[in-house]
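Asker: Here it is: the structure, laid out below.
The values are calculated or read from the model by the stated rules, or taken from the named source; none is laboratory data. Values in this document were obtained by computation on a predicted structure and should not be read as measured data. Heads up, the Cβs are rebuilt from the backbone with ideal geometry, glycines too, and the neighbour counts pull from every protein chain shown.
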Amino acid sequence: MAGESWKSQTWWNLPVYTGDVSGVCSALYELGGMVVMHDPSGCNSTYNTHDEIRWVSMESLIFLSGLTQLDAITGNDQRLIDDIVSAANTFHPAFIAIANSPVPWLIGTDFEAICKKVTALTGIASFHVETNAMHDYTKGAGQAFLHLAKMLLSEDAGAAGDSGTLRGLPGTGRIIAADTNPDGRRIRLNILGMTPLDYPVREDAMAMRRILEEEGFEVVSNWAIGDGLQSLKRSAGADVNLVVSSTGMETARWMEETFGIPYTVGVPTGSFRRILCEAVKKSALTRKSSVPYLEILNSLPSREKRKNPDTPVRCIAGEPVTMGSAAADIVLTDGKPCDLIALTETRQGLLPEQGFTPEGERQIREVLAEYEEVTADPMLKEACRSGCRFHALPHFALSGRLYLNQIGSLLEKGGSL
Amino acid sequence: MLKRVSGFHETLSDGAIAHLEEGIRIADASFPAPFPRTLEYNAPAHGTWNIVHIGMAVPQSHSIYVCSDNCLRGVVMTAAEMGCRDRFSSVMLRERDVQVDNLETITIEGVSDVIRNLPKEPPVVFVFLVCLHIFTGSDEDYIFRELGRRFPQIRFVKGYMDCIRQKEGPTPDMKLRMAAFGIIQPVRKNPARVNLLGSDVPFDRDCELITLLSSNRFEVKQIYDCDDFEQFLALGDAAVNVCTYPNACQAVKDLSERTSAGFVYLSAAVSFDEIRAQIKALSDVCGRDLASEDWMREQERTCIAALQELAEDLHDWTVAIDYTAHSRPLGIAKLLIQHGIFVECVFLDAILEEEQEAFNWLKEHCPDLRLVPTIQPGMVLYGRGKDVVTSGRRVIALGQKAAWFCQSGHFVNIIEGGGLWGYQGIRDLCALLRQAKEEELDYKRMIPKKGIGWPSLCSTVVSTQPEE
């Protein structure tokens, strides 16, 4: 093994984020499909105990395959297929998603073939989400949304012209005014990347919709809290996508490539709300994607220049889209710089020049110790330096149920961060 | 009724739900596996212990799990909710560890790095290997030999979170118990010492089992009496080891062979004949007559009186029992039914060998008793409006899963028998069932919490979903 890469893989006291398999389940939970984790045991219990707040109150067809050593060694995929088909024939789910765990990944289980067979036997669309339990939830949920989008919107994709836009749907050449397009209707948008792992407060989904409607938008769909598949199927008709967590990035990029729908990244929180909404309108108008919180954070002087006794150095750490938006709000509210530290894996294009991406407990401690003021999940407090001014912002995907009763609406936090 | 997921609701008609029946009449059930293996559901009842709890029960131990993110998450958060983060660490596996190595390097270097970063070196470290170690052919002996060489003052214990093997051999918790007790070595024997081992639920000092022994001048120790690792190791001085929990049976048996101690397995007996047989077995291994015939007769008489009182109290109720509450759910069903208490269903996924007699009796005398699985996919519908109990009676649930599936706040919140044993165990069971009838608990908030007996820092929020 090259070098000392293991140094970024040890965690002697800090927790790890929700894993990719749980991310898949969380993303698809409310959509009427059936999710099967191809895993021996434990994934389902972990998921519904620590990573899912809806398990008690809302049913969903999420099951474990109960893979055995014998089946793995002998390559017996038939039991998995039979069991999925049996359950599908009982429940008639809207779709079937299969997520993967370490051993099937290691032995190269052919999930594409399994999905084809399941679809052929049940008549239900089936897809595989390429997890292997070695990544965090942003990867799993991101992949799940992407595969779902490809499944739901493939007909629309087929109808798209060479320009990459949909015939008969809003697209290239349609100039969109501030709040309406030439047809006199509102700008339509999809909310991408909303799961309780980043938004455990149920009301945030409604608040998000309300805020966006107040700002003059028509919300076509929410991927995926509170909306069913019927809403999601209309997504290709949107003018713009609003990506509210990194779990929505892959789908946003795919929809941009496939349908020409631009995206804007950020959360309408506090002082940042107005800037974000203007950016969404601009994206719809110019058909160019943007990450407006980056523009704010990149306009700050470098951290080195800020290091003086009169200016406490501040950071916010966590998932980059939500925390980047919060950082922008802090900058706008307080007029003081705030660095963004991304602790989750999906971050391409989501980090400012001053962004940091520590891996493993050692690096997280090293980075956080540099700051005099930190906003992060309470479990990270111990990694901060002594005397640090710490602002607790519980993140369900990190501290799970420990601080559930302290988690407030991310949208309403505003300058209170 | 709580909201049902929209798409699912649309696709599954009420008629289909109504006709989807889980569970079978015991008359139609096979032994020991009444249900086929298929996809698995997991109910939100988590009061039982997992391997994190079991490892932490060894005083001063530190646990290090070497596995991938998604697998780590459950054990990391278990430790965090227990308030034991300072006794738990992890090494997260990546693809490259498998691609360029067979996990030996990352395991050795990662565990070493963790230990060097701990504020104090623990006397004993549990290192948990996972399915990937098995499938990549890691040389486990080499790993532990190297760790021992690097840290000679630490006792390393090999634990497994190898779920892929649990259906074809001992479960991870069985293997962990064997490994944990495996470090106890023979020390100078104390003929008056008896260990009571295996149960994750501590027995009260005044319980019948301990009283029987202590009144005959035996000193009884449980793992919970050990304040530090040295005292844990000193458990090797016992003349007799008593095990009361099936999953720990082999571990305690192995310990007894190694330390040349007497061994007896006393299952959580729930019939008078069994209790008599167990007291005799305990007397034999201890070399003393622990209870007289008169005493046993008197105990039986008081038990019958308690059961009769219970039957009168519950005349219009039914009892539902689950396997997490007690390792002998069928035995309890038989006991209650024999004394006029209505039992409509028992929740279990497999039947222990020691339950065969009760199974046969119930099959013959109560053919309509329903065995209901807890992990079959159809169980996703229960606990949210669909009734398991069809008699119309109000339900007292014995155990968390029974409470969930029967949607009953009248429940007895115990796991693994709750320390109930012998005649007193029967009387206490009656008292708990009567108490459950009187008191309705907020089971939806209680049962998602992990590991009964451990502190819980978990702040459960039942629902942020508006009700219909």
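Asker: Return the residues of the range A:86-113 that are of a type in the set (Val, Ile, Thr), surrounded by 22 or more Cβ atoms within 10 Å (Cβ to Cβ) and part of a helix (DSSP H, G or I); say none if nothing qualifies.
Answerer: Across the range A:86-113, the qualifying residue is only A:VAL103.
Asker: Quick one: which of A:LEU350, A:LEU343 is within 21 Å of A:GLU295 (Cα to Cα) and within 13 Å of chain B (Cβ to nearest Cβ)?
Answerer: A:LEU343
Asker: From the list B:PHE218, B:PHE203, which residue is of a type in the set (Phe, Trp, Tyr) and under 16 Å from the mean Cα position of the chain (by Cα)?
Answerer: Values: B:PHE218 fails: under 16 Å from the mean Cα position of the chain (by Cα).
Criteria check complete, one pass: B:PHE203.
Asker: Among the residues of the range A:395-417, how many are modelled with pLDDT of 95 or more and touching a Phe, Trp or Tyr at 6+ places or on another chain (Cβ under 7 Å)?
Answerer: Total satisfying the criteria: 2.
Asker: Going through the range A:201-222 one residue at a time, which ones are within 14 Å of chain B (Cβ to nearest Cβ) and among the β-branched types (Val, Ile, Thr)?
Answerer: The one that is within 14 Å of chain B (Cβ to nearest Cβ) and among the β-branched types (Val, Ile, Thr): A:VAL201.
Residue-by-condition table, conditions (1) touching a Cys at 6+ places or on another chain (Cβ under 9 Å); (2) of a type outside the set (A, V, I, L, M, F, W, C); (3) under 25 Å from A:HIS128 (Cβ atoms); (4) modelled with pLDDT of 95 or more:
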position: A:GLU155; (1), (2), (3), (4): no, yes, yes, no
position: A:THR165; (1), (2), (3), (4): no, yes, no, no
position: A:GLY168; (1), (2), (3), (4): no, yes, no, no
position: A:ALA177; (1), (2), (3), (4): no, no, no, no
position: A:ARG202; (1), (2), (3), (4): no, yes, no, no
position: A:ALA205; (1), (2), (3), (4): no, no, no, no
position: A:ASN222; (1), (2), (3), (4): no, yes, yes, yes
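Asker: Going by what's in this entry, would B:GLY148 be described as among the small types (Gly, Ala, Ser), in contact with a Phe, Trp or Tyr (Cβ under 9 Å, 6 or more places away or on another chain) and away from every other protein chain (no Cβ under 13 Å)? Outline the logic, then answer.
Answerer: Details: among the small types (Gly, Ala, Ser): yes; in contact with a Phe, Trp or Tyr (Cβ under 9 Å, 6 or more places away or on another chain): yes; away from every other protein chain (no Cβ under 13 Å): yes.
The answer is yes for B:GLY148.
Asker: What tally of residues in the range B:158-177 results from selecting those that are surrounded by fewer than 21 Cβ atoms within 10 Å (Cβ to Cβ) and either assigned by TED's automatic domain parsing to the domain that holds B:ALA234 or within 14 Å of B:VAL127 (Cα to Cα) (or both)?
Answerer: Let us first name the residues in the range B:158-177 that are surrounded by fewer than 21 Cβ atoms within 10 Å (Cβ to Cβ), namely B:158, B:165, B:167-171, B:174.
From what is left, the residues that are either assigned by TED's automatic domain parsing to the domain that holds B:ALA234 or within 14 Å of B:VAL127 (Cα to Cα) (or both) are B:158.
So the answer is 1.
Asker: Sort out which residues of the range A:85-101 are within 27 Å of the chain's Cα centre (by Cα), within 30 Å of B:ASP162 (Cα to Cα) and not polar (S, T, N, Q), and write them in order of number. Before you say what the answer is, go through the steps one by one.
Answerer: From the range A:85-101, those within 27 Å of the chain's Cα centre (by Cα) are A:93-101; that's our starting set.
This time we only want the ones that are within 30 Å of B:ASP162 (Cα to Cα), so: A:96-101.
A:ILE96, A:ALA97, A:ILE98, A:ALA99, listed by residue number.
Asker: When you scan the range B:2-57, how many residues do you find that are in contact with a Lys or Arg (Cβ under 7 Å, 6 or more places away or on another chain) and either at the interface with chain A (Cβ under 7 Å from one of its Cβ atoms) or modelled with pLDDT under 50 (or both)?
Answerer: Residues flagged as in contact with a Lys or Arg (Cβ under 7 Å, 6 or more places away or on another chain) and either at the interface with chain A (Cβ under 7 Å from one of its Cβ atoms) or modelled with pLDDT under 50 (or both) within the range B:2-57 amount to 3.
Asker: Look at B:LEU330 and say whether it is in contact with an Asp or Glu (Cβ under 8 Å, 6 or more places away or on another chain), assigned by TED's automatic domain parsing to the domain that holds B:ARG394 and part of a helix (DSSP H, G or I).
Answerer: yes
Asker: So in the range A:39-61, with the set limited to residues that are in contact with a Phe, Trp or Tyr (Cβ under 9 Å, 6 or more places away or on another chain) and in a loop (DSSP other than H, G, I, E, B), which one is farthest from the other protein chains (Cβ to nearest Cβ)?
Answerer: Only one residue fits best here, namely A:GLU52.
Asker: Right, another one. Please indicate, with yes or no, whether at least one residue in the range A:62-81 is within 7 Å of chain B (Cβ to nearest Cβ), more than 25 Å from B:ILE51 (Cα to Cα) and in contact with a Lys or Arg (Cβ under 8 Å, 6 or more places away or on another chain). I'd like the intermediate steps shown before the answer.
Answerer: From the range A:62-81, those within 7 Å of chain B (Cβ to nearest Cβ) are A:63-70, A:72; that's our starting set.
Add one more test, that the residue is more than 25 Å from B:ILE51 (Cα to Cα), and what stays is none.
Among the residues of the range A:62-81, not one is within 7 Å of chain B (Cβ to nearest Cβ), more than 25 Å from B:ILE51 (Cα to Cα) and in contact with a Lys or Arg (Cβ under 8 Å, 6 or more places away or on another chain), which makes the answer no.
Asker: Let me ask something else about it. Given the condition outside the structural domain of A:LEU351 (by TED's automatic domain parsing), under 27 Å from A:PRO352 (Cα atoms) and hydrophobic (A, V, I, L, M, F, W, C), answer yes or no: does some residue in the range A:246-253 qualify? Steps first, answer last, please.
Answerer: If we filter the range A:246-253 for residues that are outside the structural domain of A:LEU351 (by TED's automatic domain parsing), which is where we start, we get A:246-253.
After this cut, where a residue has to be under 27 Å from A:PRO352 (Cα atoms) as well, the list is A:246-253.
Now restrict to residues that are hydrophobic (A, V, I, L, M, F, W, C): A:249, A:252.
Checked against the condition, which is being outside the structural domain of A:LEU351 (by TED's automatic domain parsing), under 27 Å from A:PRO352 (Cα atoms) and hydrophobic (A, V, I, L, M, F, W, C), the range A:246-253 yields at least one hit.
Asker: Do we have any residue at all in the range A:360-369 that's crowded, with 21+ Cβ neighbours inside 10 Å, modelled with pLDDT of 95 or more, part of a helix (DSSP H, G or I) and touching a Pro at 6+ places or on another chain (Cβ under 6 Å)?
Answerer: So far as the range A:360-369 goes, yes, one or more of its residues are crowded, with 21+ Cβ neighbours inside 10 Å, modelled with pLDDT of 95 or more, part of a helix (DSSP H, G or I) and touching a Pro at 6+ places or on another chain (Cβ under 6 Å).
Asker: Can you pull out the residues in the range A:190-218 that are assigned to a strand (DSSP E or B) and closer than 28 Å to A:TYR17 by Cβ? Step through it out loud before you land on a result.
Answerer: Here is the first cut: in the range A:190-218, the ones assigned to a strand (DSSP E or B) are A:190-192, A:217-218.
Correct list: A:ASN190, A:ILE191, A:LEU192.
Asker: Could you please find all residues in the range B:351-369 being of a type outside the set (A, V, I, L, M, F, W, C) and either assigned by TED's automatic domain parsing to the domain that holds B:PHE272 or more than 10 Å from B:ALA27 (Cβ to Cβ) (or both)?
Answerer: Taking the range B:351-369 and keeping what is of a type outside the set (A, V, I, L, M, F, W, C), we get B:353-357, B:360, B:363-365, B:367-368.
Those that are of a type outside the set (A, V, I, L, M, F, W, C) and either assigned by TED's automatic domain parsing to the domain that holds B:PHE272 or more than 10 Å from B:ALA27 (Cβ to Cβ) (or both): B:GLU353, B:GLU354, B:GLU355, B:GLN356, B:GLU357, B:ASN360, B:HIS365.
Asker: All but one of (1) more than 23 Å from the chain's Cα centre (by Cα); (2) aromatic (Phe, Trp, Tyr); (3) crowded, with 20+ Cβ neighbours inside 10 Å hold for A:PHE390; which doesn't?
Answerer: All conditions pass for A:PHE390, except number (3).
Asker: May I pose another question? State all residues of the range B:81-93 that are facing chain A (nearest Cβ under 7 Å) and more than 17 Å from B:VAL114 (Cα to Cα); if no residue qualifies, say none.
Answerer: Scanning the range B:81-93 gives a single hit, B:GLU81.
Residues checked against (1) farther than 22 Å from B:GLU309 by Cα; (2) acidic (Asp, Glu); (3) in a loop (DSSP other than H, G, I, E, B):
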position	(1), (2), (3)
B:GLU364	yes, yes, no
B:LEU371	yes, no, no
B:VAL380	yes, no, no
B:VAL389	yes, no, yes
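Asker: Any idea how many residues of the range B:87-131 are among the hydrophobic types (A, V, I, L, M, F, W, C), crowded, with 17+ Cβ neighbours inside 10 Å and within 30 Å of B:ASP227 (Cβ to Cβ)?
Answerer: Applying the first criterion (among the hydrophobic types (A, V, I, L, M, F, W, C)) to the range B:87-131 yields B:88, B:91-93, B:98, B:100, B:103, B:106, B:108, B:111, B:114-115, B:118, B:124-131.
Narrowing the set further to residues that are crowded, with 17+ Cβ neighbours inside 10 Å leaves B:88, B:91-93, B:98, B:103, B:106, B:108, B:111, B:114-115, B:124-131.
Of the ones still in play, those that are also within 30 Å of B:ASP227 (Cβ to Cβ) are B:88, B:91, B:111, B:114-115, B:124-129.
Of the residues in that region, 11 qualify.
Asker: If B:GLY385 satisfies every condition in (1) closer than 30 Å to A:HIS92 by Cβ; (2) buried (at least 24 other Cβ atoms within 10 Å of the Cβ) but one, which is the exception?
Answerer: Condition (2) is where B:GLY385 drops out.
Asker: Let me spell it out: the conditions are (1) modelled with pLDDT of 90 or more; (2) part of a loop (DSSP other than H, G, I, E, B); (3) closer than 30 Å to A:SER5 by Cβ, and A:GLN354 meets all of them except one. Which number is the exception?
Answerer: (1)
Asker: Here's something else I'd like to know. Taking the range B:287-308 as the region of interest, how many residues are assigned to a helix (DSSP H, G or I) and either on the phi > 0 side of the Ramachandran plot or out of contact with any helix residue (DSSP H, G or I) (no Cβ under 7 Å at 6 or more places or on another chain) (or both)?
Answerer: Residues of the range B:287-308 that are assigned to a helix (DSSP H, G or I), as a first pass: B:293-308.
Then keep just the ones that are either on the phi > 0 side of the Ramachandran plot or out of contact with any helix residue (DSSP H, G or I) (no Cβ under 7 Å at 6 or more places or on another chain) (or both); that gives B:293-295, B:297-298, B:301, B:304-305, B:308.
Counting residues in the range B:287-308 that are assigned to a helix (DSSP H, G or I) and either on the phi > 0 side of the Ramachandran plot or out of contact with any helix residue (DSSP H, G or I) (no Cβ under 7 Å at 6 or more places or on another chain) (or both) gives 9.
Asker: Just to be sure I understand the filter: pairs with C-beta atoms under 7 Å, separated by 6 or more residues or on different chains, first member in the range A:53-66 and assigned by TED's automatic domain parsing to the domain that holds A:PRO104, second member among the hydroxyl-bearing types (Ser, Thr, Tyr) and assigned to a loop (DSSP other than H, G, I, E, B). Which pairs pass?
Answerer: Sorted first by the residue in the range A:53-66, then by its partner, the pairs are A:ILE53/B:THR464; A:ARG54/A:TYR29; A:VAL56/B:SER463; A:SER57/B:SER463; A:SER60/A:TYR29; A:PHE63/B:TYR41; A:LEU64/A:SER41; A:GLY66/A:SER41.
Asker: While we're on this one: On the given criteria, is A:ALA27 part of a helix (DSSP H, G or I) and farther than 30 Å from B:ASN117 by Cβ?
Answerer: When the stated conditions are applied, A:ALA27 passes them.
Asker: Then there is this: Condition test on A:LEU121, is it at the interface with chain B (Cβ under 7 Å from one of its Cβ atoms) and either surrounded by 22 or more Cβ atoms within 10 Å (Cβ to Cβ) or farther than 26 Å from B:LYS444 by Cβ (or both)?
Answerer: Working: at the interface with chain B (Cβ under 7 Å from one of its Cβ atoms): no; either surrounded by 22 or more Cβ atoms within 10 Å (Cβ to Cβ) or farther than 26 Å from B:LYS444 by Cβ (or both): yes.
No, not satisfied.
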